[in-house]
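A quick write-up on the structure given underneath.
The values are calculated or read from the model by the stated rules, or taken from the named source; none is laboratory data. For clarity, every value in this text was computed on a predicted model and none was experimentally measured. Neighbour counts are summed over all protein chains in view; Cβ atoms, including those assigned to glycine, are modelled from backbone coordinates with ideal geometry.
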Amino acid sequence: MRFVKPVLSIVMVLIIAAFGYWLYGIAGGPDAPYWTEINRNMPGALHRYACVQVRKGGTGAAVAGCEDV
């Protein structure tokens, strides 16, 4: 049990950090490093939402990782 709690804590911190970086990528634009890979691995609804928001905030040009939306 002493090993499980720290490992789960680290995993949760990594998940929260990845989600926060994904949100940063939506607000700051898709040119943030690794944002495209994180967005491709998001569930369908979140992936589509991010692509729509990035297109609204940017020039409306094609966004890497959003070709299918």
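Of the numbered criteria (1) basic (K, R); (2) surrounded by fewer than 10 Cβ atoms within 10 Å (Cβ to Cβ); (3) under 10 Å from the mean Cα position of the chain (by Cα), the one R40 fails is (2). The number of residues in the stretch 23-45 that are over 13 Å from G65 (Cα atoms) and assigned to a helix (DSSP H, G or I) comes to 5. Taking the criterion of being acidic (D, E) and either under 13 Å from A18 (Cα atoms) or modelled with pLDDT of 80 or more (or both), the only residue of the stretch 31-52 that qualifies is E37.
Of the residues that sit in the stretch 1-37 and are in contact with a helix residue (DSSP H, G or I) (Cβ under 7 Å, 6 or more places away or on another chain) and among the hydrophobic types (A, V, I, L, M, F, W, C), which one is surrounded by the most Cβ atoms within 10 Å (Cβ to Cβ)? For the stretch 1-37, the residue satisfying everything is W35.
Counting just the residues of the stretch 53-63 that are farther than 14 Å from W22 by Cα and not charged (D, E, K, R), which one comes out modelled with the lowest pLDDT? Can you show your working first?
Of the residues in the stretch 53-63, the ones farther than 14 Å from W22 by Cα are 55-63.
Filter once more, keeping what is not charged (D, E, K, R): 57-63.
Details: G57: 76, G58: 68, T59: 59, G60: 62, A61: 63, A62: 71, V63: 75.
So the residue we want is T59.
Which one of these is assigned to a loop (DSSP other than H, G, I, E, B) and among the basic types (K, R): R2, R55?
Details: R55 fails: assigned to a loop (DSSP other than H, G, I, E, B).
Testing whether each residue is assigned to a loop (DSSP other than H, G, I, E, B) and among the basic types (K, R) leaves just R2.
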